[in-house]
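Report on the following structure.
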Amino acid sequence: MNAIHFIREYIRHPRSVGAVMPSSRQLAKQIATPIFFDRASCIIEYGAGTGVFTQELIKNKRPDTLLIVIESNESFYKTLQSKYGHLEQVHVIHGSAEHVARYMKQYHVSKVDYVVSGLPFTSLPAALSSLILGQTAEVLGQEGKFITFQYSKVKHNFFRTFFGDIQIKKVHYNVPPAYVFTCSL
């Protein structure tokens with residue numbers, strides 16, 4: 001069901017969905033690897049899609065860790081809200097990552113430890129990508145980490161304009177294989 005739903009949304013919105021298939025569990029595990037769940041008080045997820053990363057974050061986070069999931073695609077949002085909206089300390093928002101500071105205020109968040117992203121920066125408009133990454137760097141500050149994946153390293157230098165330290169790990173068990181970028185100031 002997830003794959004069919006995902007493919008349908010890709011056909012409807014290829015620029016914002018950015019992938020034909022949902023991410024693999026192996027990619028989700030690699031996305032979660034840099035996170036110190038025992039110390040995280042707030043994690044934000046951008047572009048959750050059908051919730052592959054969301055599930056991994058929920059499985060590993062402490063019960064008191066706040067997870068804010070931001071999804072702009074209405075169909076994906078409804079799926080995520082149905083799956084996770086009832087959980088304590090999990091808030092699913094139908095909106096855009098460019099408004100992350102607004103959502104932080106809404107939920108009285110002063111510090112974000114990690115931002116996990118499934119956004120397709122290669123296909124998003126450059127101005128929107130810059131706005132999102134600028135906001136992300138600002139809300140994370142010196143101690144936070146931005147963790148995202150891309151299907152190529154083409155955006156590496158673009159990410160470097162916002163984050164000085166970037167670690168890259170390739171995940172072969174994904175269709176197609178992907179690169180996980182762990183970024184900090």
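The values are calculated or read from the model by the stated rules, or taken from the named source; none is laboratory data. Values in this document were obtained by computation on a predicted structure and should not be read as measured data. A quick note on method: Cβ atoms are made from the backbone with ideal geometry, for glycine too, and the neighbour counts reach across all protein chains shown. Areas reflect the complete protein model, heavy atoms only, side chains present, ligands, DNA and RNA absent. Shrake-Rupley method; radii C 1.70, N 1.55, O 1.52, S 1.80 Å.
Quick look at the numbers
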quantity	calculated
Among (1) in contact with a helix residue (DSSP H, G or I) (Cβ under 7 Å, 6 or more places away or on another chain); (2) closer than 19 Å to ALA97 by Cβ, the one test that PHE37 misses	(2)
Residue check, PHE121 part of a loop (DSSP other than H, G, I, E, B) and crowded, with 16+ Cβ neighbours inside 10 Å	yes
Criterion: at pLDDT below 95, of a type in the set (D, E, K, R) and open to solvent by 60 Å² or more (accessible area, probe 1.4 Å) - qualifying residue of LYS105, LYS169, LYS153, LYS111	LYS111
Yes/no for GLU143 being on the phi < 0 side of the Ramachandran plot and either touching a residue at least 60 places away in the same chain (Cβ under 8 Å) or not in a helix (DSSP H, G or I) (or both)	yes
Criterion violated by LYS105 - all others in (1) under 15 Å from ILE68 (Cα atoms); (2) part of a loop (DSSP other than H, G, I, E, B); (3) charged (D, E, K, R) satisfied	(2)
Extreme residue, surrounded by the fewest Cβ atoms within 10 Å (Cβ to Cβ), among residues of the range 22-31 that are touching a helix residue (DSSP H, G or I) at 6+ places or on another chain (Cβ under 9 Å) and touching a residue at least 60 places away in the same chain (Cβ under 8 Å)	SER24
Yes/no for THR182 being within 13 Å of the chain's Cα centre (by Cα), closer than 24 Å to PHE37 by Cβ and assigned to a strand (DSSP E or B)	yes
Selection count, the range 124-150, where residues are open to solvent by 50 Å² or more (accessible area, probe 1.4 Å) and touching a Leu at 6+ places or on another chain (Cβ under 7 Å)	1
